[in-house]
Amino acid sequence: MSLEIRKISGGVGVEACNIDIAKGLSEADMATLKAAFVEHGLVFMHNQTITPEQHIEFAKNWGEININRFFAKVDGYEEIAAVVKEKDQLGNIGGGWHTDHSYDQIPALGSILIARETPPVGGDTLFSCMYKAYDSLSDGMKKTLESLKAVHSSRHIFGEQSSYQEAMSDRLSNAEAATQDAIHPIVITHPESGRKALYVNPAFTLHIEGWSDAESKPLLDYLYQHAVQMEHTTRFKWAVGSIAFWDNRCTWHYALNDYHGERREMHRITIEGSPIAA
Ligand code: SIN
């Protein structure tokens with residue numbers, strides 16, 4: 001059976017069915033998958049029994065692999081970041097709305113996250129669509145945002161003085177490498193789809209370029225709550241072997257932390273992106 005793409009939510013995300021990454025994809029199926037990724041920015045797959053090597057090979061279909069500076073690595077595989085919460089840990093990685101790597105001059109294309117161990121219940125991930133967030137703004141707001149850029153940074157999250165880095169020090173390291181700052185348009189044109197997407201996020205965006213924090217806050221807060229209106233979102237329930245492949249330029253995600261006392265282990269490969277612009 002050939003690969004089939006099914007919508008799974010009115011908000012964001014499709015499921016790729018009849019796919020077995022371990023067996024390899026035909027050229028036609030790979031083309032279908034790539035087109036679905038560009039169109040929807042979020043593709044889920046279930047029941048994938050793949051080795052770390054197959055995870056890496058699959059990721060290379062989209063570009064070069066980003067070696068994560070801060071996360072612990074899966075043993076023997078520097079390309080794969082370990083996103084783990086042990087039974088006795090309270091904090092989780094990614095437990096707030098964000099898009100990865102917006103602090104880089106050239107933000108990562110996206111990530112391929114596979115579930116290796118899941119809690120009996122909980123540990124779902126929320127996603128939100130930044131195309132819809134942009135499209136549903138008023139013409140007046142779109143016009144206002146057109147000329148604005150925002151400053152993003154890794155320092156306050158992964159740096160030495162960060163309370164997040166301190167709380168997660170058992171799983172994060174390399175705080176001295178948190179030196180990335182970048183300025184990006186608040187609305188970008190996606191390099192592959194050509195669509196406009198809202199490109200600020202509550203984790204890594206500091207303020208609007210040329211505006212103080214106090215001046216920036218009301219507008220950014222408005223955009224943040226607008227971005228996660230229910231009709232822009234979906235909630236993904238994991239099982240071992242489930243994969244979420246998201247595009248960082250047009251989605252946000254949020255790892256729910258509702259499974260204290262249970263273990264969750266995910267393996268993430270992040271793929272390098274291309275320059276973004278208004
Ligand atoms: C992440 O933010 O990369 C982790 C998402 C998750 O664990 O569901």
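The values are calculated or read from the model by the stated rules, or taken from the named source; none is laboratory data. Note that the structure is predicted; figures quoted are calculated from it, not measured. Methodologically, a virtual Cβ is constructed for each residue, glycine included, from the backbone with ideal geometry; neighbour enumeration extends over all protein chains shown. Please note that ligands, DNA and RNA were not included when accessible areas were found on the heavy atoms of the full protein model with its side chains. Shrake-Rupley method; radii C 1.70, N 1.55, O 1.52, S 1.80 Å.
Numbers for the structure displayed
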| quantity | calculated |
| --- | --- |
| Contour excess over end-to-end distance, with Cα ends at Leu256 and Glu231 and 0.36 nm allotted per residue | 7.2 nm |
| Asp247, Asp88, ranked by accessible area, largest first (probe 1.4 Å) | Asp88, Asp247 |
| Three semi-axes of the equivalent ellipsoid, the stretch 24-73, Cα gyration tensor, whole Å, largest first | 21, 14, 12 |
| Förster radius 45 Å - calculated FRET efficiency between Lys143 and Val240, Cβ distance, rounded to 0.05 | 0.40 |
| Distance from the stretch 223-256 to the stretch 20-62 (C-alpha centre basis), Å | 18 |
| Ser163-Asn18 FRET efficiency (beta carbon distance; Förster radius 45 Å; 0.05 resolution) | 0.50 |
| Projected area averaged over orientations for the chain, convex hull of C-alpha atoms, nm² | 14.1 |
| Of His152, His260, His184, the one that fluctuates the most in a GNM where the chain has Cα springs shorter than 10 Å | His260 |
| Dipole in debye (nearest 20) - the chain, about Cα centre, beta carbon charges: Lys, Arg +1; Asp, Glu -1 | 520 |
| The stretch 4-271, accessible surface, carbon-and-sulfur percent (1.4 angstrom probe) | 51 |
| Approximate spin-label separation Asp221-Glu57, in nm, with each point projected 7 Å along Cα-to-Cβ | 5.1 |
| Fraction of alpha-carbon pairs over 17 Å apart in the stretch 1-101 - percent | 64 |
| Which of Gly159, Ala197, Ser138, positive extreme of dipole for the stretch 70-216 (C-beta unit charges) | Ser138 |
| Gain in span if fully extended, Glu39 to Ala278, counting 0.36 nm per residue against the direct Cα distance | 84.2 nm |
| Rounded, prolate or oblate (a/c below 1.5 giving rounded, otherwise prolate when a/b exceeds b/c) for the stretch 94-237 by Cα gyration tensor | oblate |
| Residues of the chain: accessible area per residue with a 1.4 Å probe, Å² | 44 |
| Where labels lie 7 Å past Cα in the beta-carbon direction, separation of Ser212 and Thr189 in nm | 3.6 |
| Where Cα atoms sit under 13 Å apart: lysine pairs in the stretch 4-271 separated by 8 or more or lying on different chains | 5 |
| Inter-label distance for Ser136 and Lys73, nm, one decimal - labels placed 7 Å from Cα along Cα-to-Cβ | 4.1 |
